[in-house]
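Comments concern the structure below.
The values are calculated or read from the model by the stated rules, or taken from the named source; none is laboratory data. Source: prediction; values computed, not measured. Because the Cβ atoms are built from the backbone with ideal geometry, glycine has one as well, and the counts that use them run over all protein chains shown.
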Amino acid sequence: MKVFFLSLLVILLTIVGCGPSEQERAQQQQREQQMQMQVVQSTPEFNEQMAEVLERYFDLKDALVASDAEQAATYAETFRDEVAQTNPDGLNEETTAIWVSFSEVMVNSSNELITLEDVDDQRYHFEYISEAMIEMVDLFRPVGYEIYHQSCPMVRGGSADWLSREEQIANPYHGDRMMRCGEVIRRL
(Lines give C-alpha, C1' and ligand atoms only; values in the text may rest on other atoms or scores of the structure.)
Protein backbone atom coordinates (compact mmCIF):
# COMPACT_ATOMS: atom_id res chain seq x y z
CA MET A 1 0.00 0.00 0.00
CA LYS A 2 2.86 2.33 0.86
CA VAL A 3 4.46 1.62 -2.53
CA PHE A 4 1.18 2.44 -4.27
CA PHE A 5 0.89 5.86 -2.62
CA LEU A 6 4.55 6.59 -3.25
CA SER A 7 4.13 5.68 -6.93
CA LEU A 8 1.01 7.82 -7.18
CA LEU A 9 2.88 10.75 -5.61
CA VAL A 10 5.76 10.39 -8.09
CA ILE A 11 3.32 10.29 -11.03
CA LEU A 12 1.47 13.37 -9.80
CA LEU A 13 4.69 15.30 -9.27
CA THR A 14 5.89 14.33 -12.73
CA ILE A 15 2.64 15.47 -14.33
CA VAL A 16 2.60 18.75 -12.42
CA GLY A 17 6.30 19.34 -12.96
CA CYS A 18 6.14 18.67 -16.71
CA GLY A 19 3.26 21.01 -17.44
CA PRO A 20 3.83 24.64 -18.37
CA SER A 21 3.61 27.19 -15.58
CA GLU A 22 0.94 29.88 -15.51
CA GLN A 23 3.53 32.42 -16.67
CA GLU A 24 4.60 30.20 -19.58
CA ARG A 25 0.95 29.70 -20.63
CA ALA A 26 0.35 33.47 -20.49
CA GLN A 27 3.47 34.11 -22.57
CA GLN A 28 2.35 31.49 -25.11
CA GLN A 29 -1.08 33.13 -25.37
CA GLN A 30 0.55 36.52 -25.87
CA ARG A 31 2.80 35.13 -28.64
CA GLU A 32 -0.21 33.55 -30.36
CA GLN A 33 -2.13 36.83 -30.22
CA GLN A 34 0.84 38.74 -31.63
CA MET A 35 1.20 36.24 -34.47
CA GLN A 36 -2.50 36.49 -35.20
CA MET A 37 -2.31 40.30 -35.27
CA GLN A 38 0.57 40.12 -37.73
CA VAL A 39 -1.45 38.05 -40.18
CA VAL A 40 -4.91 39.53 -39.71
CA GLN A 41 -4.69 43.19 -40.48
CA SER A 42 -7.92 44.93 -41.26
CA THR A 43 -9.07 48.32 -42.47
CA PRO A 44 -11.88 50.52 -41.17
CA GLU A 45 -13.70 50.04 -44.49
CA PHE A 46 -13.50 46.27 -44.26
CA ASN A 47 -14.63 46.33 -40.62
CA GLU A 48 -17.68 48.40 -41.62
CA GLN A 49 -18.55 45.80 -44.22
CA MET A 50 -18.01 43.00 -41.71
CA ALA A 51 -20.32 44.81 -39.28
CA GLU A 52 -23.06 44.71 -41.94
CA VAL A 53 -22.41 41.02 -42.55
CA LEU A 54 -22.72 40.46 -38.82
CA GLU A 55 -26.06 42.32 -38.71
CA ARG A 56 -27.43 40.12 -41.52
CA TYR A 57 -26.16 37.05 -39.63
CA PHE A 58 -28.08 38.17 -36.53
CA ASP A 59 -31.23 38.57 -38.67
CA LEU A 60 -30.82 34.99 -39.90
CA LYS A 61 -30.15 33.69 -36.40
CA ASP A 62 -33.27 35.44 -35.07
CA ALA A 63 -35.44 33.92 -37.83
CA LEU A 64 -34.18 30.46 -36.85
CA VAL A 65 -34.86 31.20 -33.18
CA ALA A 66 -38.43 32.02 -34.22
CA SER A 67 -38.53 28.77 -36.28
CA ASP A 68 -39.62 30.79 -39.32
CA ALA A 69 -38.27 28.89 -42.33
CA GLU A 70 -39.54 31.39 -44.88
CA GLN A 71 -37.99 34.35 -43.07
CA ALA A 72 -34.77 32.37 -42.54
CA ALA A 73 -34.48 31.75 -46.28
CA THR A 74 -35.03 35.45 -46.99
CA TYR A 75 -32.42 36.49 -44.43
CA ALA A 76 -29.99 33.85 -45.66
CA GLU A 77 -30.24 35.39 -49.11
CA THR A 78 -29.59 38.88 -47.73
CA PHE A 79 -26.70 37.53 -45.67
CA ARG A 80 -25.22 35.74 -48.68
CA ASP A 81 -25.45 38.89 -50.81
CA GLU A 82 -23.80 40.99 -48.09
CA VAL A 83 -20.94 38.47 -47.80
CA ALA A 84 -20.51 38.34 -51.60
CA GLN A 85 -20.38 42.13 -51.82
CA THR A 86 -17.75 42.50 -49.10
CA ASN A 87 -14.63 43.92 -50.69
CA PRO A 88 -11.29 42.89 -49.17
CA ASP A 89 -9.34 45.70 -50.89
CA GLY A 90 -6.70 47.08 -48.58
CA LEU A 91 -6.14 43.82 -46.73
CA ASN A 92 -2.80 42.06 -46.97
CA GLU A 93 -2.53 38.86 -48.99
CA GLU A 94 -2.79 36.50 -46.02
CA THR A 95 -5.81 38.28 -44.57
CA THR A 96 -7.52 38.34 -47.96
CA ALA A 97 -6.97 34.58 -48.27
CA ILE A 98 -8.54 34.07 -44.84
CA TRP A 99 -11.54 36.19 -45.81
CA VAL A 100 -11.99 34.38 -49.13
CA SER A 101 -11.92 30.92 -47.53
CA PHE A 102 -14.49 31.82 -44.89
CA SER A 103 -16.69 33.80 -47.26
CA GLU A 104 -16.90 30.76 -49.58
CA VAL A 105 -18.20 28.65 -46.70
CA MET A 106 -20.74 31.33 -45.77
CA VAL A 107 -21.96 31.82 -49.35
CA ASN A 108 -22.18 28.09 -50.11
CA SER A 109 -23.97 27.27 -46.86
CA SER A 110 -26.36 30.17 -47.40
CA ASN A 111 -27.13 28.92 -50.91
CA GLU A 112 -28.00 25.53 -49.46
CA LEU A 113 -30.11 27.02 -46.67
CA ILE A 114 -32.08 29.21 -49.09
CA THR A 115 -33.36 26.21 -51.05
CA LEU A 116 -34.77 24.42 -48.01
CA GLU A 117 -38.30 24.71 -46.64
CA ASP A 118 -37.81 22.78 -43.41
CA VAL A 119 -36.38 24.87 -40.57
CA ASP A 120 -34.49 21.92 -39.08
CA ASP A 121 -32.74 21.35 -42.42
CA GLN A 122 -31.92 25.06 -42.54
CA ARG A 123 -30.42 24.86 -39.07
CA TYR A 124 -27.96 22.24 -40.29
CA HIS A 125 -26.46 24.74 -42.76
CA PHE A 126 -26.59 27.52 -40.19
CA GLU A 127 -24.01 25.55 -38.20
CA TYR A 128 -21.44 26.03 -40.96
CA ILE A 129 -22.32 29.69 -41.33
CA SER A 130 -21.94 30.16 -37.57
CA GLU A 131 -18.58 28.40 -37.44
CA ALA A 132 -17.23 30.71 -40.14
CA MET A 133 -18.74 33.81 -38.53
CA ILE A 134 -17.31 32.95 -35.13
CA GLU A 135 -13.84 32.66 -36.67
CA MET A 136 -14.27 35.89 -38.61
CA VAL A 137 -15.47 37.90 -35.62
CA ASP A 138 -12.74 36.40 -33.49
CA LEU A 139 -10.07 37.36 -36.04
CA PHE A 140 -11.32 40.76 -37.19
CA ARG A 141 -13.24 42.14 -34.18
CA PRO A 142 -15.24 44.36 -36.58
CA VAL A 143 -17.55 46.03 -34.06
CA GLY A 144 -17.11 47.98 -30.88
CA TYR A 145 -19.77 46.18 -28.86
CA GLU A 146 -19.78 42.88 -27.00
CA ILE A 147 -20.83 39.77 -28.91
CA TYR A 148 -21.65 36.53 -27.15
CA HIS A 149 -20.30 33.22 -28.43
CA GLN A 150 -22.92 30.72 -27.32
CA SER A 151 -23.22 26.95 -27.55
CA CYS A 152 -25.86 24.25 -27.23
CA PRO A 153 -24.65 20.78 -26.20
CA MET A 154 -27.68 19.02 -27.71
CA VAL A 155 -27.53 19.51 -31.48
CA ARG A 156 -27.57 16.36 -33.65
CA GLY A 157 -25.69 14.23 -31.15
CA GLY A 158 -23.11 16.92 -30.43
CA SER A 159 -22.86 20.61 -29.81
CA ALA A 160 -23.26 23.63 -32.06
CA ASP A 161 -22.27 27.26 -31.57
CA TRP A 162 -23.59 30.64 -32.67
CA LEU A 163 -23.11 34.35 -32.06
CA SER A 164 -25.59 36.64 -30.36
CA ARG A 165 -25.95 40.30 -29.45
CA GLU A 166 -27.76 39.27 -26.28
CA GLU A 167 -26.31 37.43 -23.33
CA GLN A 168 -29.55 35.56 -22.67
CA ILE A 169 -29.70 32.30 -24.62
CA ALA A 170 -32.15 32.16 -27.53
CA ASN A 171 -31.28 28.90 -29.26
CA PRO A 172 -31.41 29.01 -33.09
CA TYR A 173 -30.98 25.24 -33.33
CA HIS A 174 -34.09 24.36 -31.35
CA GLY A 175 -36.26 27.49 -31.31
CA ASP A 176 -39.20 27.24 -28.96
CA ARG A 177 -38.63 23.50 -28.38
CA MET A 178 -35.61 24.29 -26.18
CA MET A 179 -35.28 28.07 -26.32
CA ARG A 180 -32.94 28.48 -23.35
CA CYS A 181 -30.77 25.42 -23.94
CA GLY A 182 -27.16 26.54 -24.13
CA GLU A 183 -24.56 28.67 -22.48
CA VAL A 184 -22.31 31.63 -23.12
CA ILE A 185 -18.82 30.35 -23.90
CA ARG A 186 -17.04 33.67 -24.40
CA ARG A 187 -17.58 37.35 -24.85
CA LEU A 188 -15.97 38.75 -27.98
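Take ALA97 and tell me if it is more than 21 Å from ALA170 (Cβ to Cβ) and of a type in the set (Gly, Ala, Ser). So that I can check it myself, show each step before the final result.
On the way: more than 21 Å from ALA170 (Cβ to Cβ): yes; of a type in the set (Gly, Ala, Ser): yes.
Here the answer is yes, as ALA97 does meet what is asked.
Could you list, in sequence order, the residues of the range 144-158 that are in a strand (DSSP E or B) and surrounded by 14 or more Cβ atoms within 10 Å (Cβ to Cβ)? I'd like the intermediate steps shown before the answer.
Let us first name the residues in the range 144-158 that are in a strand (DSSP E or B), namely 148-155, 158.
Passing the criteria: TYR148, HIS149, GLN150, SER151, CYS152, MET154, VAL155.
Looking at (1) under 15 Å from PHE102 (Cβ atoms); (2) buried (at least 19 other Cβ atoms within 10 Å of the Cβ), find the lone condition where GLY182 falls short.
All conditions pass for GLY182, except number (1).
I'd like to check something: does the range 115-126 contain any residue that is without any contact (Cβ under 8 Å) to a residue 24 or more places away in the chain, under 22 Å from GLU70 (Cα atoms) and of a type in the set (Phe, Trp, Tyr)?
Looking through the range 115-126, none of the residues is without any contact (Cβ under 8 Å) to a residue 24 or more places away in the chain, under 22 Å from GLU70 (Cα atoms) and of a type in the set (Phe, Trp, Tyr).
Taking the range 164-176 as the region of interest, how many residues are closer than 20 Å to ALA72 by Cα, of a type in the set (D, E, K, R) and free of Cβ contacts under 8 Å to residues at least 24 places away in the same chain?
1
In the range 90-114, what residues are part of a loop (DSSP other than H, G, I, E, B) and either closer than 19 Å to ALA51 by Cβ or of a type in the set (Val, Ile, Thr) (or both)?
Listed by number, the residues that qualify are GLY90, LEU91.
Look at GLU32 and say whether it is in a helix (DSSP H, G or I) and modelled with pLDDT of 65 or more.
no
It is to be established whether one or more residues within the range 105-118 are modelled with pLDDT of 95 or more, closer than 16 Å to GLY175 by Cβ, surrounded by 20 or more Cβ atoms within 10 Å (Cβ to Cβ) and within 15 Å of the chain's Cα centre (by Cα). Working first, answer last.
Initially, the range 105-118 is screened for residues modelled with pLDDT of 95 or more, giving 105-118.
Restricting the remaining residues to those that are closer than 16 Å to GLY175 by Cβ gives 113, 116-118.
Filter once more, keeping what is surrounded by 20 or more Cβ atoms within 10 Å (Cβ to Cβ): 113.
Next, from what is left, pick out any that are within 15 Å of the chain's Cα centre (by Cα): none.
No - not one qualifying residue is present in the range 105-118.
Residues checked against (1) in a helix (DSSP H, G or I); (2) closer than 13 Å to LEU60 by Cα:
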residue	(1), (2)
ASP121	yes, no
GLU166	no, no
TYR173	no, yes
ILE185	no, no
